[in-house]
Amino acid sequence: MERPSHAGLRHLALNARRLDEMKNFYVDLLGFAIEWEPDPDNIYLSSGIDNLALHRAARSSGQDAAPGDSVLDHLGLIVHTADDVDRWAAFLEGHGVVIETKPRTHRDGARSCYFRDPDGNRVQIIHHPPISDRV
């Protein structure tokens, strides 16, 4: 099977220990726009051609991270169509990669799947309509 294409690394999700401060930092200082706030624990930002997700960390007390904790939730490769997500999942499975979360459509209309790289980082293949059509 031929490897499908993608439009690059344009999505990052962080576990935010100080969600409100992170929101203010990225919006007020760095100029990101709020794309969507579906609930008090999740904020999705964009500069227009990317997507930064801020998820409230389980421990949001402001403490420093413990050894082994990571603020990285996952990184995402943007694809042009929803069908590309399914093509990538099939391609990766055909090469022995375990798909942890099978392709599914999210509540915002995005479609994605998840797997891990050799170091254990979660990687998402995602069709995200607000930016997939721009890249």
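For R134 and H95, what is the calculated FRET efficiency with R₀ set at 30 Å and r taken between the beta-carbons, to the nearest 0.05? Once rounded, the FRET efficiency stands at 0.55.
How far is helix 82-94 tilted, in degrees, relative to the longest principal axis of the Cα atoms in the chain, given as a value from 0 to 90 rounded to the nearest 10? Approximately 70 degrees, to the nearest ten. Note on volume of the Cα convex hull per residue in Å³: of the candidates [x] 111; [y] 93; [z] 154, the value calculated from this structure sits at [x]. Structural descriptor for the chain: relative contact order 27 percent, calculated from alpha carbon pairs under 8 angstrom and at least 6 residues apart.
Among the protein heavy atoms of the stretch 87-135, carbon and sulfur supply 48% of the accessible surface, probe 1.4 Å, non-protein parts ignored. Normalised per residue, the accessible area of the chain is 56 Å², obtained with a 1.4 Å probe and no contribution from ligands, DNA or RNA.
Near W36, the amide H atoms lying under 5 Å from its own belong to Y44; only residues 5 or more places off or on other chains count, and H is placed 1.01 Å from N.
Across the stretch 2-13, rounded Karplus estimates of 3J(HN,Hα) from the backbone phi angles (6.51 cos²θ - 1.76 cosθ + 1.60, θ = phi - 60°) give 6, 5, x, 8, 9, 9, x, 7, 10, 9, 9, 10 Hz, Gly and Pro being marked x.
Under a no-solvent Debye model with one identical scatterer per Cα of the stretch 1-62, what's log10 I(q)/I(0) at q = 0.12, 0.13, 0.21 Å⁻¹? With no solvent term, the Cα-only Debye profile gives -0.34, -0.39, -0.80.
Please figure out what share of the DSSP beta bridges in the chain is antiparallel and state it in percent, rounded to the nearest 5.
Values: 23 of 33 bridges.
Rounded to the nearest five, the antiparallel share is 70 percent.
The values are calculated or read from the model by the stated rules, or taken from the named source; none is laboratory data. A quick note: this is a predicted structure, and the numbers were derived from the prediction, not measured. Backbone-built Cβ (ideal geometry, glycine too); neighbour counts: all protein chains shown. Note: accessible area is taken over every heavy atom of the protein model, side chains too, but ligands, DNA and RNA are not part of it. Shrake-Rupley method; radii C 1.70, N 1.55, O 1.52, S 1.80 Å.
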